[in-house]
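Read through the structure below, which is laid out as structure tokens, and then see the notes.
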Amino acid sequence: RIMLTATLASMAAGLAILALINVWGGVVNVVLGLVVFAVGFGLVVAPATSAIMVSLPVSKAGDGSSVNLLSRQVGGAVGVALIGSVATLAYRRDLSLDDLGLSAAQQDALEKSLSGVEGVTGLTPSMQAAVDATADASVAVGLQWGLGLAALFAAVAAALAFRFEAPAARPASR
């Protein structure tokens, strides 16, 4: 319980550090956030798997392993989709293109996604610089919201891991 809580808390702290990129910025922020997150992530797999497997009789070990792997895969996919959606919504909400002198088609391409920035044609160098700066700032806001949400999820998981103790290991059944 303590190990699982600590590793999830480390992941939450790393994600929170990464979410503060607008505040701290720079390479140190990214490296520190990734290292703190990676320590937690690297150490969370074993205690999480152990907590699942010790609660099952030996005859159900294969079932427990399958459910454990399935929950990781589904959780990862749903997490990426949810966090990516939040980041995209924040990017779009923060993106302010009205004062840049863009056509409606150019604004539409930029508002769809960050990849739209690369595909916009017909911009003067000064307009391209303004578009790049605006898009970069909006991406940072999107990352801040997405990573902040991920940090919140990890912190809630840490609190739940601390609150609920894994059942004692069951004796082997014959």
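The values are calculated or read from the model by the stated rules, or taken from the named source; none is laboratory data. These numbers come from a predicted model, not from an experiment. Neighbour counts are summed over all protein chains in view; Cβ atoms, including those assigned to glycine, are modelled from backbone coordinates with ideal geometry. In case anyone asks, the SASA skips ligands and DNA or RNA and just uses the protein heavy atoms, side chains included. Shrake-Rupley method; radii C 1.70, N 1.55, O 1.52, S 1.80 Å.
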I'd like the residue in the range 53-74 that is closer than 19 Å to R1 by Cα and part of a loop (DSSP other than H, G, I, E, B) and, out of all such residues, is least open to solvent (accessible area, probe 1.4 Å). S55
Cβ-Cβ below 8 Å, separation at least six or inter-chain, first residue in the range 135-156 and closer than 13 Å to R93 by Cβ and touching a residue at least 60 places away in the same chain (Cβ under 8 Å), second open to solvent by less than 30 Å² (accessible area, probe 1.4 Å) and among the hydroxyl-bearing types (S, T, Y): which pairs? V141/Y91
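Can you report the number of residues in the range 1-21 which are open to solvent by 50 Å² or more (accessible area, probe 1.4 Å) and under 16 Å from the mean Cα position of the chain (by Cα)? Walk me through it before giving the result.
So in the range 1-21, the residues open to solvent by 50 Å² or more (accessible area, probe 1.4 Å) come out as 1-3, 6, 20-21.
Okay, now just the ones that are also under 16 Å from the mean Cα position of the chain (by Cα), so 20-21.
Residues meeting the conditions: 2.
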Could you check Y91 against (1) outside any helix (DSSP H, G or I); (2) of a type in the set (S, T, Y); (3) within 24 Å of the chain's Cα centre (by Cα) and say which number it fails? (1)
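Out of all the residues in the range 31-48, which are surrounded by fewer than 18 Cβ atoms within 10 Å (Cβ to Cβ) and either touching a Lys or Arg at 6+ places or on another chain (Cβ under 9 Å) or at pLDDT 90 or above (or both)? Talk me through it step by step, then tell me what you get.
So the first thing to find is which residues in the range 31-48 are surrounded by fewer than 18 Cβ atoms within 10 Å (Cβ to Cβ), and the list is 31-32, 34-35, 38-39, 41-43, 45-46.
Passing the criteria: V31, L32, L34, V35, A38, V39, V45.
Determine whether Q128 is out of contact with any strand residue (DSSP E or B) (no Cβ under 8 Å at 6 or more places or on another chain), without any contact (Cβ under 8 Å) to a residue 12 or more places away in the chain and either in a loop (DSSP other than H, G, I, E, B) or not charged (D, E, K, R) (or both).
Working: out of contact with any strand residue (DSSP E or B) (no Cβ under 8 Å at 6 or more places or on another chain): yes; without any contact (Cβ under 8 Å) to a residue 12 or more places away in the chain: yes; either in a loop (DSSP other than H, G, I, E, B) or not charged (D, E, K, R) (or both): yes.
Yes; evaluated as a whole, the condition is true for this residue.
Select, from A158, A150, A135, A154, the only residue that is more than 19 Å from V80 (Cβ to Cβ), of a type outside the set (S, T, N, Q), buried (at least 17 other Cβ atoms within 10 Å of the Cβ) and at pLDDT 85 or above.
Numbers: A150 fails: more than 19 Å from V80 (Cβ to Cβ); A135 fails: at pLDDT 85 or above; A154 fails: more than 19 Å from V80 (Cβ to Cβ).
On inspection, the qualifying residue turns out to be A158.
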